[in-house]
Each structure stands twice: as structure tokens, then as C-alpha cells.
Amino acid sequence: MMNKRTFVIFCMLTMAFFSCDSGEDIVETKEVDGEIVKEPQIEVSELVDEETGPITRCTEAGTNPDRATDIPNPVNVGAIDDRSCYADYKEITIDGTVWGIYNITHESNHMDDPNTLQPRIERSLSRSQTTGVGSFAKFTGTVRILEVGKTDNVGSDGTYIMQAKGKHTGGGGPNDPAICLYLAKPVYGDDGNGNQVQQSFDIFREQINFRGGSGAEGRDIVFLTNIEKNVPTEIALEVGFAQDPNDATKKIHYANAVIGGTPFNWDIPEPERGTQSGIRYGAYRVKGGRAQIRWANTTYEKAEND
């Protein structure tokens with residue numbers, strides 16, 4: 001029987017004619033001083049910041065002691081709200097662009113009571129506190145989506161990448177209600193090896209039907225667009241008050257988004273009850289698996305008009 005040394009020599013001598021397998025991948029060779037030298041080719045993934053290892057609930061590095069745990073001088077605008085013990089916010093520079101990394105996993109909210117609120121690492125932006133025509137809050141940024149939550153129930157799949165916030169008069173709903181949330185749901189395809197993987201993401205607007213609305217009765221989920229995995233996509237979200245185009249004596253409360261250059265405008269119900277315009281972004285909700293969202297080039301502005 002041929003020993004390993006003899007086998008390797010045999011493979012090297014017959015490389016031009018045969019393909020041999022010694023348990024190592026020989027992907028390239030070159031001749032140096034008359035000898036054939038192996039040069040293993042290292043495959044570098046384009047997704048240099050994607051985590052592909054085991055999904056865990058908590059890690060030692062990610063278990064922050066309070067929600068405001070952040071890095072010094074983060075490139076992403078806004079105050080952090082970190083309620084995930086899986087990972088902390090961090091940044092990576094790719095081709096000159098600095099990306100904020102938001103990774104969360106199922107049941108990793110270590111701040112709130114168990115089985116109550118979903119995990120999140122989000123950034124909140126100071127709210128426009130007036131309701132006069134011309135008052136607004138506007139956020140812009142570039143998003144890359146690498147992974148979102150996956151469960152056995154399609155209705156529970158997905159992760160929020162940003163949301164419009166704002167309180168209202170007259171009661172109803174939670175103390176700090178969401179107005180609409182932008183939900184990324186996974187679309188699967190074959191990776192070439194027979195595995196179904198997340199290849200793109202359908203973006204939906206989960207919008208209230210009435211102030212404080214939640215659940216199936218209180219919210220509708222409206223399809224907006226699809227974006228490919230790891231493709232930088234420009235996003236803008238503006239929430240504010242404007243004159244009603246159909247009645248100059250009234251005003252509308254709007255949440256207008258632009259995703260990949262396409263506008264998706266929406267008027268919020270019961271505008272007369274709204275008291276604020278606010279925005280949060282990052283990664284929020286993962287009812288199964290893991291979510292990995294990236295944000296870069298973020299900006300924020302607001303106006304206050306009585």
C-alpha cells in the first residue's frame with residue numbers, strides 16, 4: 001500500500017495529467033527552482049462582516065449591563081437602545097465606508113421581563129415635539145441586510161429595520177406607540193449546493209389602522225419592495241405634519257419613505273391626535289434565529305413649527 005509521502009509525490013509528478021486527492025485541496029501550483037509548489041487559494045467571502053457560526057442566545061462580550069452601552073463616537077447617529085445579550089454595537093470599515101453592525105438573536109433580550117418585548121439594538125433620534133405644518137423628523141442612511149429572523153411560521157418571520165414613532169392624545173395603545181414599522185422578511189433560494197438560504201428580503205410597512213393599533217386588527221402589513229442580500233440600499237424616512245391637499249383648514253400626519261430610489265408615502269390615521277414625530281432604526285424583532293443589519297452614512301434633521 002502506498003504511504004502518504006509516496007502518494008503526495010505521485011500526485012505532484014502526475015499533476016499535469018491527473019487529479020489526485022490526499023485530503024487537501026490543491027487549487028493552484030507553480031514552479032519554483034524547478035520544483036512544483038502548492039499554493040492553496042484562500043477563498044475570501046464578499047460578506048466579510050456576516051456571522052455564520054452557531055446561533056446562541058447570549059455571549060459574554062454581548063451582555064451589556066445597561067441599555068445605553070455604546071462605543072465612543074459612533075458613526076451612526078442617535079442614542080443606542082441595546083436590549084440584546086448576543087452582541088454589542090460595533091463598526092467595520094469596508095472599502096472606505098464605515099458600517100454600524102446590529103446583530104440580535106432569538107430570546108436575547110436580557111433587559112426586559114422574559115417573554116415580553118422582542119430583542120433589539122436600535123438607535124433613537126430626538127423627536128419633533130410640535131404639530132404645526134412643516135414640523136418633521138427626517139432620517140437618511142444606507143442599509144445592508146445580511147440575515148433576518150426565521151421561524152416555522154411565515155407570519156413570525158422577519159426583522160424591523162426602522163420605525164416611525166409618536167405619542168397621541170386620547171389614550172389607547174402602549175405608552176410609546178409605534179406608528180409604522182418597516183419589516184424585512186426573508187426570501188429563500190438555492191445556494192448552488194442544494195441548501196435554501198436567505199437571498200433577498202421583501203420589505204413591508206406594518207402600519208396602524210388607528211392610533212395605538214397593534215396585532216392583526218390594529219395593523220395592516222403592506223408590501224413595498226424587495227432588496228437583495230448585502231446590496232447597499234439608500235433609505236430615507238420622513239415623519240411630519242403637512243397641509244391637507246384636499247382641505248386647507250386641515251393637516252395630515254405622514255410617514256414617507258424612499259427605499260432604493262422609490263417613494264412609499266403614507267398618511268397616518270387620525271392626524272389630529274398626533275403629538276410627535278419620531279424615528280428609530282437598527283435591528284428589532286427576531287422571533288427565531290438571528291438578524292444581521294448594517295447601517296452607514298446616517299443623517300438626521302428635524303424642524304419644529306407650532
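Which count do you get for residues in region 117-136 that are open to solvent by 50 Å² or more (accessible area, probe 1.4 Å) and farther than 20 Å from residue 290 by Cβ?
3
If I ask for residues that are free of Cβ contacts under 8 Å to residues at least 12 places away in the same chain and aromatic (Phe, Trp, Tyr), which ones from region 174-198 would you list? Explain how you work it out, then say what you get.
As a first pass, look at region 174-198 and keep what is free of Cβ contacts under 8 Å to residues at least 12 places away in the same chain: 175-176, 188-197.
Matches in region 174-198: 188 only.
If a residue must be in a strand (DSSP E or B) and either in contact with a Leu (Cβ under 8 Å, 6 or more places away or on another chain) or open to solvent by less than 50 Å² (accessible area, probe 1.4 Å) (or both), how many such residues does region 263-294 contain?
The total comes to 16.
Please name all residue pairs, on different chains or six or more residues apart, with Cβ atoms under 9 Å, provided the first residue is in region 117-129 and is without any contact (Cβ under 8 Å) to a residue 60 or more places away in the chain and the second residue is outside any loop (DSSP other than H, G, I, E, B) and surrounded by fewer than 24 Cβ atoms within 10 Å (Cβ to Cβ).
117/83
Would you mind stating whether residue 184 is under 28 Å from residue 245 (Cα atoms) and crowded, with 21+ Cβ neighbours inside 10 Å? Outline the logic, then answer.
Numbers: under 28 Å from residue 245 (Cα atoms): no; crowded, with 21+ Cβ neighbours inside 10 Å: yes.
Answer is no for this residue.
I'd like the residue in region 161-181 that is among the β-branched types (Val, Ile, Thr) and crowded, with 21+ Cβ neighbours inside 10 Å and, out of all such residues, is nearest to residue 275 (Cα to Cα).
At the first step, the residues of region 161-181 found to be among the β-branched types (Val, Ile, Thr) are 161, 169, 179.
Add one more test, that the residue is crowded, with 21+ Cβ neighbours inside 10 Å, and what stays is 161, 179.
Values: 161: 23, 179: 12 Å.
Of everything passing the filter in region 161-181, 179 is nearest to residue 275 (Cα to Cα).
How many of the residues in region 139-160 are in contact with a Lys or Arg (Cβ under 7 Å, 6 or more places away or on another chain), open to solvent by 20 Å² or more (accessible area, probe 1.4 Å) and of a type outside the set (Gly, Ala, Ser)?
2
Could you give me the residue pairs with C-beta distances under 8 Å whose first residue belongs to region 277-306 and is under 17 Å from residue 52 (Cα atoms) and at pLDDT 95 or above, whose second residue is open to solvent by 10 Å² or more (accessible area, probe 1.4 Å) and among the polar types (S, T, N, Q) wherever it lies, and which are 6+ apart or on separate chains?
286/118; 288/151; 288/156; 289/151
Within region 114-127, track down each residue that is of a type in the set (A, V, I, L, M, F, W, C) and assigned to a strand (DSSP E or B). Can you show your working first?
Keep residues of region 114-127 that are of a type in the set (A, V, I, L, M, F, W, C), which gives 117, 121, 125.
Across region 114-127, the qualifying residue is only 121.
Only residues that are open to solvent by 60 Å² or more (accessible area, probe 1.4 Å), assigned to a loop (DSSP other than H, G, I, E, B) and touching a residue at least 12 places away in the same chain (Cβ under 8 Å): list them for region 71-90, please.
75
Looking at 201, 241, 223, which one is open to solvent by 20 Å² or more (accessible area, probe 1.4 Å), in contact (Cβ under 8 Å) with a residue 12 or more places away in the chain and either farther than 21 Å from residue 51 by Cα or not polar (S, T, N, Q) (or both)? Working first, answer last.
Numbers: 201 fails: open to solvent by 20 Å² or more (accessible area, probe 1.4 Å); 241 fails: open to solvent by 20 Å² or more (accessible area, probe 1.4 Å).
The match here is 223.
Filter region 91-113 for residues that are surrounded by 14 or more Cβ atoms within 10 Å (Cβ to Cβ) and either among the charged types (D, E, K, R) or outside any strand (DSSP E or B) (or both) and give the result.
91, 106, 107, 108, 109, 110, 111, listed by residue number.
The values are calculated or read from the model by the stated rules, or taken from the named source; none is laboratory data. All figures in this text were calculated on a predicted structure; none of them were measured in a lab. We place every Cβ from the backbone using ideal geometry, glycine too, and count neighbours over all the protein chains shown. Heavy atoms of the whole protein, side chains included, go into the accessibility calculation; ligands, DNA and RNA do not. Shrake-Rupley method; radii C 1.70, N 1.55, O 1.52, S 1.80 Å.
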